[in-house]
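Since the structure comes first, as structure tokens, the remarks are kept for the end.
The values are calculated or read from the model by the stated rules, or taken from the named source; none is laboratory data. Note that the structure is predicted; figures quoted are calculated from it, not measured. Every residue, glycine as well, gets a Cβ built from its backbone with ideal geometry; the counts of neighbours run over all protein chains shown. Accessible surface is based on the protein model in full, side chains and every heavy atom, while ligands, DNA and RNA are left aside. Shrake-Rupley method; radii C 1.70, N 1.55, O 1.52, S 1.80 Å.
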Amino acid sequence: MPLVTLDNVSIAFGVNQLLDCANLTIDAGERICVIGRNGEGKSTLLKIIQGLVNQDSGDVNVQSGIKISALEQDVYTDSSDTVYHEITNGLGTLKKLLYSYHQLVTNPDLSESDLIRLEQIQHELEANDGWNISNRVDSIISKLELDADARLSDLSGGWLRRVYLAKALISEPDLLLLDEPTNHLDIEAIEWLEEFLLDYRGGMLFITHDRSLLKKLATRIVEIDRGRLTSWPGDYENYLRRKDEVANAEELANKRFDKKLSQEETWIRQGIKARRTRNEGRVRSLLTMREEFKQRRSKQGTASFSIEEAEKSGKIVIEAYKIHYAWEDTRIANGLSLKVQRGDRIALIGPNGCGKTTLLRVLLGELQPQQGKVKLGTKLEVAYFDQLRNTLNLEESVIDNVAHGSDYVEIGGSRKHIMGYLSDFLFTPERVRTPVKALSGGERNRLLLARLFSKPANVLVLDEPTNDLDIESLELLEEKLADFSGTIIIVSHDRSFLDNVVTSSLFFEGGGNIGHYVGGYSDAKAAVDNINKFRQEQVKASLTEQVEKPKKERSKTPAKKLSYKDQRELDSLPGLMEELENKIDQLQTETSNPEFYQQDNEIIAQKLSELESAQNEFDDMFMRWEELDSKIN
């Protein structure tokens, strides 16, 4: 028996028909991905299944006794509740018992009354199968690597999503609803989520624009298009192929219909022959065709834009030499050298909070490095896509944010009316008068792209440009970036987007170390994995050799003697090396402190030079010790 069945469900908001006699069946164990353009009603569909929104007509049948849990699209909170308290909120009447029990057992200073209360709670938990549920809470907190006592207000967006995923899973739902589960997650967290959801055995209905996640998880794809739900069994590649076939067939059918309608309209205008009794059936058929044509809903417009290119920049765009930068407790760059040339397409890849946006600002000259130099090339026209959308005026309308009072924009050397230009980014004449603060996330991103691409540029800096964009708009953006002849620097967590656009990647590896690798995310990740694997194998081989290597047998011949001078040098080297090691440790501790880079450049350079000299001196001493020791062994 299906978990959920939708039968001819319709819903509209004003004149906007989101679902029109939609039908859907969800079976146990399925992982269904819902796709469609922004505003087509994907989130509304999930809310109807949850019972949070009532449909205008049709039936929603939920199998009796099943549990449904949901992870919402937006999980921001300033609540001071703990992680444990929020997760147990999904357990109904048991939540107070479990929360009280957790508070008491984690309190090291229990009073006599606390001990009495703890004993009472233990009895109540035992009577209500609470111990199994308590173990389940502890298990899921452990699996998601959460801190049970952390405050929600102190967590980042990515960690909050883990908390609310735990809350959705704690009741062991038969159907899990996920609305954009990768929002605010970095790549590492997204890959963890993929593996976690692959092991989930319940049914799943999820919305995502992350094509890598879609390809890995979905066993079936359901598309919302002009109010109708269409089911496409199989993977994403199968969907793309079959969707193209259906679109071509629909276009041909519409052409045949329009041709016949035109012929019938010509016939009816002949007058008296059309009114003859024997032709009344044909007249009724024409009226039916007119109504069918009226009811046909044309496919929502497709975004269509181009990038306004400026005159070519100089060959060298950015040249960075041994730059150091730290912010608070985070070391962002530790001696990074980089040369960006005209036409390069570079990605900055790393976890949230590692400093990708800050490094962008250093490379663009907005922030000065604390050590090292950054030199910008000539004839640069930079267009900067801001992750936080700070360049948009929220009080102004869409049209004023782009045209600034003008009726035209210059695109490709010719004037284009602002209304026509904005329609290329899917803004209707009514929507262009809307204040920016009333736009959705996807609409704001399209507006920022419209503003960005209306100005000539030969360097595009895109900080999280793919957030909230639907798949069709993403693919069009990829196509236009592929045709752009200038330089592109991108920050993104969209793995497919990076693989399709960039030619090299700066990979944040921690501690200010940044590796530069050829290719997009997949190539860079493979290179990093290979390097780590090689290092692990080297360490393992070294340890194995130390364990298995037999002790060298002393030669039966008398041991060689060193000269008096060499023997004294050999005896003194261990003590000298120990002193030098202590000095190196002290200097490394000092230079690893972020506050170190707040000092004068002369002091910073002097200390770094001391550290380098000490390391070189230690290496020379060690080599000399090995040389002398080998003469007597």
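Give the long-range amide H neighbours of VAL317: residues separated by 5 or more places, or on another chain, with amide H under 5 Å away, using H modelled in the peptide plane at 1.01 Å from N.
Distant-sequence amide H within range of VAL317: VAL340, GLN341, ARG342.
How large is the dipole of the chain about the Cα centre if only Lys and Arg carry +1 and Asp and Glu carry -1, each at its Cβ, rounded to the nearest 20 debye?
Numbers: 81 positive and 104 negative charges, 688 e Å.
It works out to roughly 3300 debye.
Relative contact order (percent) for the range 345-502, with alpha-carbon contacts under 8 angstrom and 6 or more residues of separation?
Details: 194 pairs, mean separation 51.6, N = 158.
Contact order relative to length: 33 percent.
Points 7 angstrom from Cα along the Cβ direction at ARG624 and ASN54: gap in nanometres?
Taking the simple label geometry, ARG624 and ASN54 are separated by 9.0 nm.
What order do LYS243, LYS533 take when sorted by accessible area (1.4 Å probe), most exposed first?
Working: LYS243 45, LYS533 115 Å².
The ranking, largest first, comes out as LYS533, LYS243.
Among the trypsin sites (Lys or Arg not before Pro) in the range 399-448, which ones are in a DSSP loop with at most 10 other Cβ atoms within 10 Å of the Cβ? Mind listing them? Write down the numbers at each step before the final one.
Details: sites: ARG415, LYS416, ARG431, ARG433, LYS437, ARG444, ARG446; in loops: none.
For trypsin sites (Lys or Arg not before Pro) across the range 399-448 that sit outside H, G, I, E and B with at most 10 neighbouring Cβ atoms in 10 Å, the list is empty.
If I stretch the segment between ALA541 and ASN8 completely, what's the gain in nm (0.36 nm per residue apart, minus their alpha carbon distance), one decimal? Let's see the in-between values first.
Details: separation 533, 0.36 × 533 = 191.88 nm, distance 6.53 nm.
Working it through step by step, the gained length comes to 185.3 nm.
Please list ASP114, ASP186, ASP147 in order of solvent-accessible area, largest first, computed with a 1.4 Å probe with all protein chains present.
Numbers: ASP114 45, ASP186 20, ASP147 95 Å².
Correct descending sequence by accessible area is ASP147, ASP114, ASP186.
So how do GLU223, GLU145, GLU124, GLU602 rank on accessible area, 1.4 Å probe, biggest first, that is with the largest at the start? Don't jump to the answer; show the numbers that get you there.
Numbers: GLU223 15, GLU145 120, GLU124 80, GLU602 155 Å².
Per-residue accessible area, sorted high to low, gives GLU602, GLU145, GLU124, GLU223.
List, in the order given, every pair from LYS47/LYS260; LYS67/LYS143; LYS42/LYS480; LYS339/LYS455 whose Cα-Cα distance in the structure shown is over 30 Å. Write down the numbers at each step before the final one.
Details: LYS47/LYS260 42 Å; LYS67/LYS143 21 Å; LYS42/LYS480 27 Å; LYS339/LYS455 26 Å.
Violating the 30 Å Cα-Cα cut-off are LYS47/LYS260.
Say each of LYS259 and LYS339 gets a label point 7 Å from the Cα, pointing the same way as Cα to Cβ; how far apart are those two points in nm?
In this crude spin-label approximation the distance works out to 6.2 nm.
Enumerate the amide H contacts of GLY519 below 5 Å, restricted to partners 5 or more residues apart or on another chain; note that Pro and chain-start residues carry no placed amide H.
Excluding prolines and chain starts, which carry no amide H, the hits are SER504, SER505.
For VAL402, what accessible surface area do you get with a 1.4 Å probe? Give it in Å², rounded to 10.
Counting only protein heavy atoms, VAL402 exposes about 10 Å² to solvent.
Relative to the longest principal axis of the chain, what angle (0 to 90°, nearest 10) does the C-alpha long axis of helix 130-143 take?
That works out to roughly 70 degrees.
Explain nothing, just the number: relative contact order of the chain, from Cα pairs under 8 Å at least 6 residues apart, as a whole percent. List each step's numbers first, then the result.
Details: 959 pairs, mean separation 81.2, N = 633.
Relative contact order, the chain: 13 percent.
Using a Debye calculation, one point per C-alpha and no hydration shell, please list log10 I(q)/I(0) for the range 368-469 at q = 0.18, 0.24 Å⁻¹ in order.
-0.87, -1.37
Taking Rg and Dmax of the Cα atoms in Å as the quantity of interest, determine which of [x] 37.4, 154; [y] 28.1, 91; [z] 32.7, 131 was computed from the displayed structure.
[z]
To the nearest 10 square angstrom, how much accessible area does LYS315 have with a 1.4 angstrom probe?
It works out to around 130 Å².
Restricting to DSSP loop positions (anything but H, G, I, E, B) with no more than 10 other Cβ atoms inside 10 Å of their own Cβ, which GluC sites (Glu not before Pro) remain in the range 399-491?
Details: sites: GLU410, GLU430, GLU443, GLU472, GLU475, GLU478, GLU479; in loops: GLU430.
Of the GluC sites (Glu not before Pro), the ones in loops of the range 399-491 whose Cβ has at most 10 other Cβ atoms within 10 Å are GLU430.
Just want the answer: with Cβ charges of +1 for Lys and Arg and -1 for Asp and Glu, which residue in HIS184, SER139, ILE170 is farthest toward the dipole's positive end in the range 109-186?
Looking along the dipole axis, the top candidate is HIS184.
For the chain, build the charge dipole from Cβ charges (+1 Lys, Arg; -1 Asp, Glu) around the Cα centre, then report which of LEU338, SER609, TYR384 sits farthest towards its positive end.
Checked the options; the winner is TYR384.
In debye, nearest 20: dipole of the range 161-209 around its Cα centre with unit charges on the Cβ of K, R (+) and D, E (-)?
Working: 4 positive and 10 negative charges, 46 e Å.
About 220 debye.
Given 4 °C and 1.567 mPa s, compute D for the range 151-261 with the Stokes-Einstein relation, Rh being the Kirkwood radius over Cα pairs; round to the nearest whole µm²/s.
On the way: Rh = 16.5 Å.
The diffusion coefficient I find is 78 µm²/s.
Under unit Cβ charges (Lys, Arg +1; Asp, Glu -1), what dipole magnitude, rounded to 20 debye, does the range 1-154 have relative to its Cα centre?
Working: 11 positive and 24 negative charges, 99 e Å.
For this selection, approximately 480 debye.
Work from the charge dipole of the range 1-135 (Cβ charges, +1 for Lys and Arg, -1 for Asp and Glu, about the Cα centre) and give the residue of THR5, GLN55, ASN16 farthest towards its positive end.
ASN16
Please work out how much accessible surface MET419 shows to a 1.4 Å probe, ignoring ligands, DNA and RNA, in Å² rounded to 10.
Rounded to the nearest 10, that gives 60 Å².
Direction-averaged shadow area of the convex hull around the Cα atoms of the range 415-536, nm²? Each step should come with its number before you reach the end.
On the way: hull surface 38.4 nm².
Value for the range 415-536: 9.6 nm².
Which is the longest stretch in the chain that no exposed loop site breaks, taking sites as chymotrypsin sites (Phe, Trp or Tyr not before Pro) with a DSSP loop state and at most 16 other Cβ atoms within 10 Å? The partial results should precede the final answer.
Details: sites that count: TYR76, TYR200.
Here the longest run is 201-633.
Give a quick list of trypsin sites (Lys or Arg not before Pro) in the range 35-75 that DSSP marks as loop, anything other than H, G, I, E or B, with at most 14 other Cβ atoms within 10 Å. Intermediate results must be reported in sequence, preceding the final value.
Values: sites: ARG37, LYS42, LYS47, LYS67; in loops: ARG37, LYS67.
Of the trypsin sites (Lys or Arg not before Pro), the ones in loops of the range 35-75 whose Cβ has at most 14 other Cβ atoms within 10 Å are LYS67.
Using the Karplus equation 6.51 cos²θ - 1.76 cosθ + 1.60 (θ = phi - 60°), what ³J(HN,Hα) coupling, rounded to whole Hz, does each residue of the range 200-215 give in order, writing x for Gly and Pro?
So the J values, rounded to whole Hz, are 6, 9, x, x, 9, 10, 9, 10, 7, 9, 7, 5, 5, 5, 4, 5.
Gap in Å between the Cα centre of the range 394-443 and the Cα centre of the range 80-158?
Using only Cα atoms, the two centres lie 51 Å from each other.
With 29 Å as the limit, write out which pairs from LYS312/LYS373; LYS356/LYS437; LYS215/LYS416 have Cα-Cα distances beyond it, or answer none. Intermediate values should be presented prior to the final figure.
On the way: LYS312/LYS373 24 Å; LYS356/LYS437 27 Å; LYS215/LYS416 39 Å.
Checking Cα-Cα distances, LYS215/LYS416 exceed 29 Å.
Out of residues 5 or more away from GLU396 or on other chains, whose amide H comes under 5 Å of its own, with H placed 1.01 Å from N in the peptide plane?
VAL436
If I model a spin label at SER79 and ILE316 as a point 7 Å from the Cα along the Cα→Cβ vector, what separation in nanometres do I get?
Rounded to a tenth, the inter-label distance reads 5.5 nm.
Hey, what number do you get for the chain at 222 nm if only DSSP H runs of n ≥ 4 count, each worth -39500 (n - 2.57), divided across all residues, to the nearest 500? Display every interim value, and only then the final one.
Working: 19 runs with 279 residues, N = 633.
So the calculated ellipticity at 222 nm is -14500 deg cm²/dmol.
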